[in-house]
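So the structure is just underneath, and the comments pick up after that.
Taken together, the values in this text are just the output of simple stated rules run on the coordinates, not laboratory data. This structure is a prediction, so every number in the text was calculated from the model and none was measured. Cβ placement follows ideal geometry from the backbone for every residue including glycine, while neighbour counts extend to all protein chains displayed.
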Amino acid sequence: MNEFNEVIFDLYGTLVDVHSVARRADELFKGRGIELSRLWRQKQLEYTWLLTLMNRYEPFEIVTQRALTFSLKQLNLSLRDSEREALGNEYMRLEPYPATLESLKVMRAAGLRVSVLSNGSEKSIYAVLTHAGLLEVFDGVHSVERAQRFKPDPAAYRTVVQPSSTSISSMLFISSNSWDATGAGHFGFKTCWINRTQQTFEEMGYSPTMTVDGIAQLAAHLTTRG
Ligand code: 2OP
C-alpha cells in the first residue's frame, strides 16, 4: 500500500474540461469559441484571486457570470441577457476528461478515500459531478464557500482538513492547475500535478511531489506501488 489514505481532487480543469464551453460558444460566435472560453476562464480565476485579496467573497457561479460578461465585452461579442445566462450555465455541464470515472473507481477500490475540493459552490460542485457522472465515487465533497475565500488562500485548503482527518501527510492533493498545486503545496499538502498538455509549471519556488500525464497514470502509480 502507498503512503496516502486520501486523494483530494481539484474539479475545474482537473476532473472536467472547462473548455467544453467552447463548443456552445462556437455555435454562437463561429470560429471564436476557444478564444472566448480561454479569456473567460482566465478572468474567472483572476476575479477569484482579486476578491480574496480584497477580503470579499461571491459565489463562484456569480464570478463565472461576471467573467463571461467582461470577456464578451472585451471581444466585442454581444448576447441577450438570457443567452448570456444560458452560456454561463454551461459551466454546470462540463465534460469529464477521458478515463476519469474508471481511474477514480480504481483508487477507491484500492482503499483510498476520494474527495474533491473546489472553488465552486457546493451546489455547483454537485451539479458538475452529477452531469459528468462522477458523483457516486466521491466520499467527500468540499467547497471553499465554507471559508468564504478562494484558492490559493490557505483557509480554502483548510476546509478539507476536518478535526477527525488523519494527518495531512497522508493526503495527496491533485490538480491540473499548477497555481493550485503550488498553493496546496505551500499549505502543506503533498501534491500531484496532472499535466495533460505539456504545460509549464509555475516558477514560484515550489515543485509538485509528483507529476503525471493523466489520471490513469496517477491511479496506476497509487495502486501498484509496493
Ligand atoms: C477549482 O475547481 C477553480 O479549478 C479550480 O477549484
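Assign one of three labels to region 1-105, namely rounded, prolate or oblate, based on the Cα gyration tensor with a ≥ b ≥ c the square roots of its eigenvalues; rounded applies when a/c is under 1.5, prolate when it is not and a/b is larger than b/c, and oblate otherwise. Since a/c reaches 1.5 but b/c is at least a/b, the shape of region 1-105 is classed as oblate.
Ranking Ser71, Leu172, Ile34 by Cα position along the charge dipole of the chain, where only Lys, Arg, Asp and Glu carry charges on their C-beta atoms, puts Ser71 farthest toward the positive end.
Once you mark the GluC sites (Glu not before Pro) that are in a DSSP loop and have at most 12 other Cβ atoms within 10 Å, what is the longest gap between them in the chain?
4-202
Taking label points 7 Å from Cα along the Cα-to-Cβ direction, Lys73 and Glu102 give a separation of 4.6 nm.
Centre-to-centre separation between the Cα atoms of region 69-118 and those of region 136-154: 15 Å.
A cut-off of 5 Å between modelled amide H atoms, ignoring neighbours fewer than 5 places along the same chain, links Phe173 with Ile8, Lys190, Thr191, Cys192.
For region 3-58, the Cβ-based charge dipole about the Cα centre amounts to some 440 debye (Lys, Arg positive; Asp, Glu negative; other atoms uncharged). Largest mean-square fluctuation among Phe189, Phe138, Phe150, in a Gaussian network model of the chain whose springs join Cα atoms under 10 Å apart, belongs to Phe138. Taking a Cβ cut-off of under 12 Å around Asp10, the surrounding Lys, Arg, Asp and Glu residues balance to a net charge of 0, with basic ones at +1 and acidic ones at -1.
Between Leu50 and Asp81, full extension at 0.36 nm per residue minus the direct alpha carbon distance yields a gain of 8.7 nm.
Modelled this way, with points 7 Å down the Cα-to-C-beta line, the labels at Asn2 and Glu136 are 2.4 nm from one another.
Spin-label model, Lys123 to Glu203: label points 7 Å out along the Cα-to-beta-carbon direction sit 4.2 nm apart. From the Cα gyration tensor of region 151-226, with a ≥ b ≥ c the square roots of its eigenvalues, which class applies: rounded if a/c is under 1.5, or else prolate if a/b is larger than b/c, or else oblate? Oblate shape, in that a/c is at least 1.5 and b/c is the bigger or equal ratio.
Applying both filters, DSSP loop and at most 16 other Cβ atoms within 10 Å, to the trypsin sites (Lys or Arg not before Pro) of region 140-222 gives Arg196.
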